[in-house]
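Read the structure below first, then the notes.
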Amino acid sequence: MVSTFAFHETRNPAAARMLIGAAAVALSCTLLLPSAAWAADQPPAANEPDTTIYVTARKRTERIQDIPDSIKAFTADAIVSANIQNVKDVAVRVPNVSIVEAQQPGVALINIRGVGQARNGESPVAVVVDGVQLSSANQITQDLFDIERVEVLKGPQGAVYGRNAIGGAINIITRQPTNDFEGFLQGGYGTGDDVRLSASVSGPIIDDKLLFRVAGSFRNFDGDIDSLNTPGRDKVNWQKDRNVRGMLLAKPTEALTIDLRYSRLETRAGAAFYAPVESGTSINQPLPYIGNFPGHANRILNDFSAKADLDLGGATLTSITALSKVSSFLAEDLDFTPLDQTSAEQRLKTNNLSQELRIVSPQSGAFKWLGGVYYLRTRQTLDTKVFAGADLLPLLGLPSSLAPLLFSTTKARDRNNAYAAFGQLSYRFATGIELTGALRYDIDQRHQTDLVAAGQPEYRNTFRSLQPKASVSWFINPDAMIYATVGKGFRSGGFNPQARISRNYKKEENWNFEAGFKTSLLDRRLSLNGAAFYTRIKDRQVYILDVINSAQTLINPIPKAEVYGLEAELSARPVRNLDLSASIGVTGSKILSYDSSVLAGLPAAGDFKGNHLPQVAGVSYALSGQYRIPLANDMSLTPRVELNGSGGAYYWEIDNLDKRGSITLVNARLTLSYRKLSVTVFAENLFKDRYVLEFVPKEWSGASNDFSAAAPGRRVGVKARFDF
């Protein structure tokens, strides 16, 4: 029997692309297999590792298969193979995780298992780089270069990771200084005159005693989204990055290790490339930028940390001191039309100082424990201004020559202090049962001064939360485990920079219940993991904008909501040189109670009880396959195909009036390697799936139109890498 598929007749182009992509993954793997049969009787080569991955998700080195949490890890090889260049590239490959960055670099909307981020609010995930938690949401979307591993933990992780880990944690481990001289050089060129360079060098200053590592990256991208009316620039999503990181590792004694790090990121980019969506136009149709004002943004990040580890014999004492400075500026059109009506500027300056003391038990033994204390001091100013333009002023009875005329402004200064104490215990019995309990107590003191209102009024509040977590695991054998986990998450409340809707917003908390399994088969060349979860959310934080009055407000109109879902992940090396992976997440959500008085009298008013939570994909998935083909003279050729997608009940806002279409992205790469040199040609979004990155309904912005921001199209290019 012969079957045929007429793709030109399908009524669902996204489904067609998904089928094509899946077929491409399957075909590339099938054609390259030495045998069509599963080669269970063919063990890995002596120099070929199994699929075992080790992580530090619980502050100690463990097999990922031994941890009772849903974790996705990307090793250094996987990061290079998949061309992962930032945290957004990680998110698209992890089901039930998404990151949208449309307004400006640093302002990212993160959603993990339905626990989302409100713009200008705290992140729902704790992002930790080399043991130091990033203290500002504006630090999260940095470039990933010279990285050893990235770990994504789902579900509340506050008991160990602390503040803002209400939805999960992202643990980033950079490559460490080495006692041997090594490094790499990498350069690439792609669509939009996208030039990327990165390099690192590492080695000893004093053998075994003082080691260094220096790494940096550079990007100059001209953009690939059309800007029709801005003078001197025909693309709106341009970006220029300069990034440097330096590390010094000292070992003055056998027991003491001191790790000093400094990094600086400078970004200039096009920003706020929203377009008005006229009545009758599909909200899923990407639109060019037609505004007359070229939106742009700057971001500068400076981070310094000092980490000391002291081996006490029966435990390790760790001190981590971190200083960070965030400076951000945004200038944008507000009417997003060719007319000069309104524009805005926003400046953010944040200075953070954190200190953590932690003591951890030895790696071995049935009984393991850790405990510690944490402090964070935050000093921040947020200044927002709205200007009336030359085409608006005559309508207000004023001469156009006054443009740009300051129309409204808000400016607030925040001085916050956060304190926490935490601990974790685990014990594995001889029967294979392991019990783990963790507890963290947070105190978050918030203090804000309104620098614009008469008398500069001050506001104070303290938010507290006790975050327990408990799990039970049964290790049926060394390669099979089932587990159940319950944990609580916490995100602090705070103050808005104005009181047009509400000056205060409450803390958000949730309880997560999870059950899952982890298995390794065929000499650990195949792993299969699965989990089911249920999360109850209290006082979900929601963002609403009043464009004209520059009022950006966080509110709590959802006293109770729930999220539930399933996840499964498979990774395999069925035969030598072939790597396959597949993962899927299915998520549902429901608003259980809604406080309609919060937005009463506003365009966004209504009773939305029973609706879905916003920006939660009903289904998301990731597939990949690559096969290394050995050639003569130490050469090899490696084709790789990926399929990443999401769809289902994805609504932009809690009124559920506007639904996003499905997204299906196929990426392809072909790498030719010769010893330490590799050259790769690549295509991202191979089939030009056109979609909207973000949609802002007028009811939730105070504007006269809906707005949307287009996602980038297909990108092709080449890169070369040399390791030494």
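Structure above, values below:
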| read-out | value |
| --- | --- |
| FRET efficiency, 1/(1 + (r/R0)^6) with R0 41 Å, evaluated for Thr61 and Val195 via beta carbons | 0.65 |
| Rg over Rh [alpha-carbon atoms, Kirkwood Rh] for the range 141-258 | 1.12 |
| Rounded to 5, the percent of DSSP beta bridges in the chain classed as antiparallel | 100 |
| Positive minus negative residues near Ser198 (Lys, Arg vs Asp, Glu; Cβ under 14 Å) | +3 |
| Rule-of-thumb Rg ratio for the chain [Cα; 2.2 N^0.38 Å; N residues] | 0.96 |
| Integer Hz, Karplus 6.51/-1.76/1.60 couplings in order for the range 363-378, x for Gly and Pro | 5, 8, x, 6, 9, 10, 8, 7, x, x, 10, 9, 9, 9, 10, 10 |
| Most positive-pole-ward Cα, Leu643, Gly610, Ser70, against dipole of the chain from beta carbon charges | Ser70 |
| Sorted by Cβ neighbour density within 10 Å, fewest at the top, the residues Tyr627, Tyr441 | Tyr441, Tyr627 |
| Hits among lysines - C-alpha to C-alpha of Lys349 under 26 Å, sequence gap 8 or more where chains match | Lys88, Lys240, Lys307, Lys325, Lys385, Lys411, Lys506, Lys507 |
| Long-range HN-HN contacts of Leu287 with modeled amide H, under 5 Å | Ala710 |
| Whether the range 315-427 is rounded, prolate or oblate, judged on the alpha carbon gyration tensor where a/c under 1.5 counts as rounded | prolate |
| Difference of contour (0.36 nm per residue) and Cα-Cα distance, Ala605 to Leu631 | 2.9 nm |
| Positive-pole candidate from Leu435, Leu599, Ile173, dipole of the chain, charges at beta carbon | Leu435 |
| Dipole moment magnitude, nearest 20 debye, the range 670-724 about Cα centre, only Lys, Arg, Asp, Glu C-beta charged | 500 |
| Inter-label distance, nm, simple model (7 Å from Cα along the C-beta direction), Asp77/Leu466 | 4.7 |
| Net charge of Cβ neighbours under 9 Å - reference Asn351; Lys, Arg +1; Asp, Glu -1 | +4 |
| Surface/4 estimate of mean projected area, convex hull on alpha-carbon atoms of the range 106-172, nm² | 4.2 |
| Euclidean distance between Cα centres, the range 622-664 to the range 79-114, Å | 13 |
| Longest to shortest principal axis, alpha-carbon extents of the range 60-194, angstrom | 40, 40, 25 |
| Residue exposure sequence - Met481, Met635 - by fewest surrounding Cβ within 10 Å | Met635, Met481 |
| Qualifying GluC sites (Glu not before Pro) for the range 82-150 [loop in DSSP, other Cβ within 10 Å: at most 15] | none |
| Inter-probe distance in nm under a simple model that places probes 7 Å from Cα toward Cβ, at Glu182 and Tyr674 | 2.3 |
| Local net charge near Pro95, Cβ-Cβ under 14 Å (Lys/Arg +1, Asp/Glu -1) | +1 |
| Hydrodynamic radius of the range 60-135 per Kirkwood, over alpha carbon pairs, in Å | 14.1 |
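Just so you know, all these numbers are worked out from the coordinates, no wet-lab data involved. Every value quoted in this text rests on a predicted model; they were computed, and no experiment measured them. All Cβ positions, even for glycine, are placed from backbone atoms using ideal geometry, and neighbour counts span all protein chains on display.
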